[in-house]
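Bear in mind that the values in this text are calculations on the coordinates, not laboratory data. Quick caveat, the model's predicted, so the values are computed rather than measured. Here the Cβ positions follow ideal geometry from the backbone for every residue, glycine too, while neighbour counts run over all protein chains shown.
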Amino acid sequence: MSFKISKNLLYQLLFALCIGVPYLNIYELTFLVWVTTLFITLKQKYSLTVFQYVLPYVVVMIVGSFTLFFYENTMYEIIRDITYLVKPIIGMILGYQLCRSVSIKPMNTIVNVGLFIAITHLIIIICNAIIHKVLNISALREYSGYFSDFEVYALIIVLFHKQFEIFLSPKRFWLLFIIIGISSFLYLSRANFIQFGLFYIALKGYFNLNKRTIVILSSIVSLTLISYAIIYNNNYSRNGKGLEGLMYKIKNAPIEAFKTKIDKDDWQDFNDNFRSYENILTVKQVSKEGTFAIIAGKGFGATIDLGRKVRTNDDTYVSHEAILHNAFMTVFLKSGLIGVFFMIYFIYILMRQKKSEINMVKQINFLLVATGIFLIFDNWVLLGLFLKTEQKSIVIGFILCYKELINKAAAAQHPNIIYETN
């Protein structure tokens, strides 16, 4: 009796593997798995669409590769930068290749993989909280994970499962919603809360401006500002447990990435606003090199001098940083304003989706537009698609290919109908 794995199941398993491996936070392993999968899933044909999305990141790579010859950067840092900055390119092409056909059921696959990750996350939390007595919010996040953008994709698809043409019984809907929802919430990630809010607004169609949506968006903005004002005027401990620790982070969030003056000798001010400190140093140190560096950067291998040793999330100490929290500033350091322009251009084309008469394509467009808007924030505080533990680039490529397959099938059935328009 022979056992045979269907091609669809194989690609679903490979998708799950590529989505799951970054959670281990071993970038060398992630890079190896992604590159290996990339080569074993090569297609015979590619559309120009996927390369349109990859092109901005290719330009960043080309400019960084050119300007490195004008500076004395070490080979180790050069190679490291290349592996980090090529990640979005690999991810989008990989996601595009893994969506082999409509029969793979891409949206169901995202939900199922999200469920597996959520269950794993909850088990880790339970073990740390009950067995190891880890209750401090910062320590719990350190051991259990800081965020999970992918679970938010899964959660939003579950929440809008009818729009995504997924059949879920009431029992299965609530099971998926509760498990993935609780797991997503327990990351206590400000970025994921913002991501979920943006995705929810997008899937409700509130980004299609009219009188009704303007009123709704205005109400949401007003409620957000009032809520933040209440939080800001309360005193929370930076080492607080549970929700108090989360409230402190929310209170500090708008200041952390945009503060222009930081007292590096004040331990609390320095740590709470370290992202801004990085940004200030990057602008100063690149500008000091002159106009060429401002326009084209200092190339792969370039670092900023922090002026002191700081502890990283990997529990190492560094005095020079090659990869910053801010993706725009990281690209500015390597590829200058040219690179930053193409980063913004990528967000622009992601948000500029053509209108469609096909329901599923509409929902995919909503997701892509919401992803583009979220990347404005995500690039500023969490390295965007460059972050070693993120998988949004795979999701983008995956659903872009799915959208393409749907449009091709519709065009084949009704060749005289235009399904997407500007």
Dipole magnitude of region 1-100 about its Cα centre, charges +1 at Lys/Arg Cβ and -1 at Asp/Glu Cβ only, in debye to the nearest 20?
680
For the peptides 392-398, 361-367, what is the packing order when you average, over each peptide's residues, the other Cβ atoms within 10 Å and list the highest mean first?
392-398, 361-367
If you take the beta carbon distance between Lys204 and Thr120 as r and set R0 to 35 Å, what does 1/(1 + (r/R0)^6) give as a FRET efficiency, to the nearest 0.05?
0.70
Compute the distance in nm between two label points, each set 7 Å from the Cα along the Cα-to-Cβ direction, one at Lys162 and one at Phe70.
5.8
Which trypsin sites (Lys or Arg not before Pro) in region 1-106 sit in a loop by DSSP (not H, G, I, E or B) and have at most 13 other Cβ atoms within 10 Å of their own Cβ?
Lys4, Lys43, Lys45
Compute the distance in nm between two label points, each set 7 Å from the Cα along the Cα-to-Cβ direction, one at Glu28 and one at Ser103.
4.1
Which FRET efficiency, nearest 0.05, do Ile62 and Leu306 yield, Cβ-Cβ r, R0 25 Å?
0.30
Grab the Cα-Cα distance for Gln413 and Ser287, subtract it from 0.36 nm times how many residues apart they are, and report the gain in nm with one decimal.
39.7 nm
Students often check this: by mean Cβ neighbours within 10 Å, which of 282-291, 197-206 ranks highest, and how do the rest follow?
197-206, 282-291
Return the subset of Lys43/Lys408; Lys87/Lys288; Lys105/Lys362; Lys204/Lys403 for which the Cα-Cα distance in this structure is over 22 Å, preserving the input order.
Lys87/Lys288
